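Structure first, then comments.
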Amino acid sequence: MACDLCTLLAAPADGVLIWRDRQLSVIAVDEAEYPGYTRVVWNAHVREMTDLSVSERQHVMAVVWAVEAAQRAIMSPDKVNLASFGNMTPHVHWHVIPRYAGDAHFPQPTWAVAQRAADPAVLAERRALVAALHAAIKQALQG
């Protein structure tokens, strides 16, 4: 069975790839309810974090933390969710999701039943910050 992340990394669509080095990529997730949602994806198809060397794991987490820091600085979320599942796509990747007390699912996870409708005006304000977020992520990772 083909891996969705391997397919995406082989030919990322415009606006999807934020940053890439030889080991991993930072990908913008097109999720209308969650502007700023980002994935950190290992470039090679690897199933588990423990399949990586210690230095590779440290690199993944340093990038995850840089994305989180950029989200906090630009998006000012109430919370940032970090998750690494891979049940459906067994390829090392981390979800970095800015969350707000008024978002559709809060305090539940983003895949739970919605608790309320998101305010379209608030979502538009957050979407307006996404370009600045991507620039901040690039700047943080390019050193």
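What follows draws every value from the coordinates through simple rules; no lab data is involved. Keep in mind it's a predicted model, so treat the numbers as computed, not measured. Using ideal geometry, Cβ is built from the backbone for each residue, glycine included, and neighbour counts are taken over all protein chains shown.
Could you check, for segment 84-92, whether at least one of its residues is in a loop (DSSP other than H, G, I, E, B), within 22 Å of Val122 (Cα to Cα), in contact with an Asp or Glu (Cβ under 7 Å, 6 or more places away or on another chain) and in contact (Cβ under 8 Å) with a residue 40 or more places away in the chain? No; the residues of segment 84-92 include none that is in a loop (DSSP other than H, G, I, E, B), within 22 Å of Val122 (Cα to Cα), in contact with an Asp or Glu (Cβ under 7 Å, 6 or more places away or on another chain) and in contact (Cβ under 8 Å) with a residue 40 or more places away in the chain. Being in contact with a Phe, Trp or Tyr (Cβ under 9 Å, 6 or more places away or on another chain), surrounded by 21 or more Cβ atoms within 10 Å (Cβ to Cβ) and either under 27 Å from Asp103 (Cα atoms) or among the basic types (Lys, Arg) (or both): is that true of Val63 here? Criteria met by Val63.
No other residue among Leu5, Leu24, Leu9 is of a type outside the set (Asp, Glu), surrounded by 20 or more Cβ atoms within 10 Å (Cβ to Cβ) and touching a helix residue (DSSP H, G or I) at 6+ places or on another chain (Cβ under 7 Å) apart from Leu24. A count restricted to segment 93-125 and to residues that are under 14 Å from the mean Cα position of the chain (by Cα) and either in a strand (DSSP E or B) or farther than 16 Å from Gly36 by Cβ (or both) stands at 7.
The number of residues in segment 103-122 that are surrounded by fewer than 17 Cβ atoms within 10 Å (Cβ to Cβ), closer than 17 Å to Val80 by Cα and of a type outside the set (Phe, Trp, Tyr) comes to 4. Any residue that is over 29 Å from Ala117 (Cβ atoms) and surrounded by 13 or more Cβ atoms within 10 Å (Cβ to Cβ) - is there at least one of those in segment 32-41? Checking segment 32-41: at least one residue is over 29 Å from Ala117 (Cβ atoms) and surrounded by 13 or more Cβ atoms within 10 Å (Cβ to Cβ).
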